[in-house]
1. Sketch the reach of a paramagnetic label on residue 176 as a point 7 Å from Cα along Cα-to-Cβ, and name the residues of the stretch 133-147 whose backbone nitrogen lies under 14 Å away.
2. How large is the accessible surface per residue of the stretch 83-128, computed with a 1.4 Å probe and reported in Å² as a whole number?
3. At 1.4 Å probe radius, can you tell me the per residue accessible area of the stretch 241-293 in Å²?
4. For Rg and Dmax of the Cα atoms in Å, which listed value, (1) 23.8, 77; (2) 23.1, 81; (3) 35.8, 130, comes from the coordinates shown?
5. Add -39500 (n - 2.57) for each DSSP H run of 4 or more in the chain, then divide by its residues: what number comes out at 222 nm, to the nearest 500 deg cm²/dmol?
6. Could you please state how large a percent of the accessible area of the stretch 234-275 is carbon and sulfur, counting protein chains only and using a 1.4 Å probe?
7. Report the full-extension gain for the segment residue 43 to residue 24: residue separation times 0.36 nm, less the Cα-Cα distance, to one decimal in nm.
8. How many percent of DSSP beta bridges within the stretch 1-143 run antiparallel, rounded to 5?
Amino acid sequence: MQSIADFWHWWQQDGATQLANAIHTGDFSDLPEQMAHLVNAIDKDLQWELGPGTQAQHSLCVTANGDPALRPLTERWLRAAPPPDATWEYRAARQADPDVLNQQLTFGDWEVELDQTRLSLTVDEQSLLVDVTVHHPTFATMPESAALQIAFLALTWLLGEDDLERWIGEVNTATAEPADALPADALPETVHAMAARHPEPTWVVMEGEGQDGAQLTAVAMRPLRWIDHPLLDLHAGITLTYPALDPRDLPTGEDLAELQQQEDDLLRLLDNAVLLVAHETGRGARTLHLYCDSTDAATQATLTTWTQRQPNASLDTQPDPAWDQVSHLR
């Protein structure tokens, strides 16, 4: 992407040195405008910010601000970055900063002492998500929409943008402190414990019956999280038909073996360029849910060619950075 290349060319020629000097002297001149122009050339809705580094002096973050449609862009920006050095490191999403909870947030007409934040947590081991109710004493004095914005800011500071997407389910606010309220730093502890219990994805089998009596089955990756694969933003649905004698029939015997062989052949041909996240079977068809990089023209061409050569196959592709096409299987 030329706009990303242009950004890093400017950065390596002059930008990195100028910005480091500006942080030291406090004289930024027109550097913020230059940065904004270059970042907006990638996408007008991206945001950028500076901060302290963990291994370097400073960090530069270009963030999608929680928008799944833009997160692949910040990932491509990051992967095109020069290696980090003693001065600069780079981030494609805002990182956790729990120390900020010791500070005061000015939000409109309200002054919010963030260390008074309390959380009620409900852990769902099946979905691998934590539902959170956020309480702060000032919530009783402000509209719910403002309280919810503050809640999301606090959760982002506690976990970082990516872990917020990865681990948090429903978010609510409460004007009264919940009976089971915990200090805010209990959330990172809860999330890290869940991550330790579930270090690798697993597969689950789901069975059901349609309104027409058809037997349906699905096999899906658990958890189904786009944030773990931010470049895989294109959904490729491949439907393979089989000769069911009755709409309630699931494939058996040779038909089942043939479907499995087709799936294996396709994945072997694509050689890790796609990720199979689920397949659904019933009513005489199996649909494979695959995700790939929308900028990978070669993989898309391979998918098209392979499908055209299969007498029982059809292909549908569409942009899907948030993996909405498999949301019913989560």
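The values are calculated or read from the model by the stated rules, or taken from the named source; none is laboratory data. As the structure is a prediction and not an experimental result, all values here were calculated from the model. Every residue, glycine among them, receives a Cβ derived from its backbone with ideal geometry; neighbour counts consider all protein chains shown. Each accessible area value is taken on the protein alone, full model and side chains, heavy atoms only, with ligands, DNA and RNA left out. Shrake-Rupley method; radii C 1.70, N 1.55, O 1.52, S 1.80 Å.
1. 140
2. Each residue of the stretch 83-128 exposes 58 Å² on average to a 1.4 Å probe.
3. 52 Å²
4. The listed entry that was calculated here is (1).
5. About -10000 deg cm²/dmol.
6. Here it works out to 50 percent.
7. Extending this stretch completely gives an extra 4.0 nm.
8. If I count the DSSP bridges inside the stretch 1-143, around 80 percent turn out antiparallel.
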